[in-house]
Amino acid sequence: MLIIGRTTAITVVDKVAPESEVDTVLVKVASRCNINCTYCYVYHMGDDNWSRMSKFMDSGTIAAMCGSFSQLVSQQEKPFSVVLHGGEPFLLGKRRLFELLEALREVLPERYPISIQTNGILISDEILDICLQFHASVAVSIDGPEHIHDRFRVGHSGEGTFAKVLRGIKTLSKHRGASFLNAGLLAVIDPSSDPLEIYHFFKSLAAPSVDFLCKDGNHDRLPLGKQSLFSVEYGDWMVRLMDQYLSDPEPLPIRVLDDMMKVLLGGAVSKEGIGLTDFGILIIDTDGTVMKNDTLKSSYNGADRFEEPVNVKEGSLIPFIHSEGFLEYKKMQRPVHARCRSCPKLDLCGGGMILHRWSEKSGFDNPSVYCSDQIYLIEAMQNRINKLIERYV
Ligand code: SF4
């Protein structure tokens, strides 16, 4: 098969090489959001790419993207997942959502997961019926009970969004397809909050699982609530959460803790940011441009753009994922700083998320801004596991 791409003059590819494999494609189907979270990396971290985008991905871009996915399905052995993202993806409305999911499912068999990351406000039975019809699951972002959630997740006039989000979550959990549709919750940590309160609140929502993210930040701009590079506010918060989780006879699955414990016990992780598994993550922007992981936006304006940008409307993704630019980007997941490379925690920490390593002075050649927190959590986890082993061996 002969494919002509911009990043490589002529590339002949019959099968995607293992080092070029794509694990996740995050599709920015809507460039705007119906709320205005104050910590959002898309709108409040200095990158302004969103303002030049049309509000929604148009039908020509969707068709071109689906053509690329179809080729990837036939040439890559490993299935990849597609995450619909924004802005807020449900701003698409029912008709556009139906057309998008229909087009995606025409090229993606059901074993290729499609999920939608939403702030939950626009969830309705009709929207969920469409998601169910095309086998697309729904994960909702919520940070905790009202007084915690509404500190940061606010509307465009600064009003809290908790009540509307909760209504969306309840609609999701009561839907006839909830056992498939409900893909769990995603929360951003506020280290000044009480992790036990948050844990019990999420359990009360009967969520199937929850994932926690640290706030964005880097060496030049410390994450909110972190006093210094050596303080462990986030590590301490996670340890308190872990202790609650471990003492619960019916624990709520917590993805980040489960992944870390799996690595400690010799297993593999399911997502980037932990351990040494390289993930192939592509972002397709609303206009079809292929971008790097969009969390990089928080480092500097344009940090998520490839040097030689491609657009799905210009041709196949296959030559692009074999290009030097893509392979270099994939390699960025491995930390290069000497302290990380000789660190006894590297296997588990993996140097953290790329965006957390940034400084104006040394680029991404730094340990994570969360290095002290990671060490604190990893040591606590190792300690708990050792105690368990001592008890039973
Ligand atoms: S960020 Fe810190 S804990 Fe993680 S690998 Fe680097 S030095 Fe080790």
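We did not get these values from a lab; they are worked out from the coordinates using the rules stated. Computed from a prediction, not measured in an experiment: that's the story for all the values here. Counting neighbours? That spans all protein chains shown, and the Cβs are built from the backbone with ideal geometry, glycine included.
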**Fill in**
The set of cysteines in the chain having no other cysteine's C-beta under 4.7 Å reads Cys33, Cys66, Cys131, Cys214, Cys340, Cys343, Cys349, Cys371
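Calculate for the chain the 222 nm mean residue ellipticity that helices alone would give, adding -39,500 (n - 2.57) per DSSP H run of length 4 or more and normalising by residue count, nearest 500 deg cm²/dmol.
Values: 14 runs with 142 residues, N = 393.
Counting only the DSSP helices, I get -10500 deg cm²/dmol.
Express the relative contact order of the chain as a whole percentage, based on alpha carbon pairs under 8 Å and six or more residues apart in sequence.
On the way: 719 pairs, mean separation 82.0, N = 393.
With pairs under 8 Å counted, the relative contact order is 21 percent.
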**Candidate lysines for bridging to Lys297, where Cα separation is under 21 Å - those fewer than 8 sequence places away on the same chain excluded** = Lys28, Lys55, Lys215, Lys226, Lys271, Lys330, Lys331, Lys361
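Report the relative contact order of region 110-212, percent, no decimals, based on alpha-carbon pairs under 8 angstrom and at least 6 residues apart.
Numbers: 145 pairs, mean separation 31.5, N = 103.
Relative contact order comes out at 31 percent.
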**Request:** Can you check what the net charge comes to around Thr171, using other residues whose Cβ is under 13 Å from the Cβ of Thr171 (Lys, Arg +1; Asp, Glu -1)?
**Result:** +2
**Request:** At a Cα cut-off below 27 Å, give the lysines reachable from Lys387, other chains included and same-chain residues fewer than 8 away excluded.
**Result:** Lys203, Lys262, Lys345
